[in-house]
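Reviewing the structure listed below.
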Amino acid sequence: MKAKSFLVTFLSLVLTTGVLYAIGHMFTIPFFMFHHEFTHDSNGFTLSSGSFVPLLIGLIVSFFAEKIYVYKYRQKMG
């Protein structure tokens, strides 16, 4: 059960995050787009990244997907 629970959680995280980033790039929604910039010069370096909102939404979805999976598994077993 632990392997299946992990698989459900991980796949829901990856699929949700991937779909939201794809939607962001397809429709040019900055809220759902990820940009990564790295600049290195003599003064130091600059690192800039984009939106992590799809990742946070993916974590929330995967949390609830695991809870639903565990609940249905327990109902099935007992």
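The values are calculated or read from the model by the stated rules, or taken from the named source; none is laboratory data. Treat the numbers as computed from the prediction; the structure is a model and nothing was measured. Every residue, glycine as well, gets a Cβ built from its backbone with ideal geometry; the counts of neighbours run over all protein chains shown. Heavy atoms of the whole protein, side chains included, go into the accessibility calculation; ligands, DNA and RNA do not. Shrake-Rupley method; radii C 1.70, N 1.55, O 1.52, S 1.80 Å.
Would you call residue 15 within 13 Å of the chain's Cα centre (by Cα) and surrounded by 13 or more Cβ atoms within 10 Å (Cβ to Cβ)?
Details: within 13 Å of the chain's Cα centre (by Cα): yes; surrounded by 13 or more Cβ atoms within 10 Å (Cβ to Cβ): yes.
Answer is yes for this residue.
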Residues of the range 20-76 classified as more than 22 Å from residue 10 (Cβ to Cβ) and within 18 Å of the chain's Cα centre (by Cα), total: 10
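Here is a check on your reading of the model: is residue 17 in contact (Cβ under 8 Å) with a residue 24 or more places away in the chain and either β-branched (Val, Ile, Thr) or part of a helix (DSSP H, G or I) (or both)?
Values: in contact (Cβ under 8 Å) with a residue 24 or more places away in the chain: yes; either β-branched (Val, Ile, Thr) or part of a helix (DSSP H, G or I) (or both): yes.
Here the answer is yes, as residue 17 does meet what is asked.
When you look at residue 47, is it open to solvent by less than 60 Å² (accessible area, probe 1.4 Å) and either closer than 29 Å to residue 67 by Cβ or outside any helix (DSSP H, G or I) (or both), yes or no? Steps first, please.
Working: open to solvent by less than 60 Å² (accessible area, probe 1.4 Å): no; either closer than 29 Å to residue 67 by Cβ or outside any helix (DSSP H, G or I) (or both): yes.
Considered against the rule, which asks whether it is open to solvent by less than 60 Å² (accessible area, probe 1.4 Å) and either closer than 29 Å to residue 67 by Cβ or outside any helix (DSSP H, G or I) (or both), residue 47 comes out as no.
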Leading residue by the ranking (most open to solvent (accessible area, probe 1.4 Å)) among those in the range 64-78 that are in contact with a helix residue (DSSP H, G or I) (Cβ under 9 Å, 6 or more places away or on another chain) and without any contact (Cβ under 8 Å) to a residue 24 or more places away in the chain: 64
Residues (in a strand (DSSP E or B) and of a type in the set (A, V, I, L, M, F, W, C)) located in the range 20-44: 38
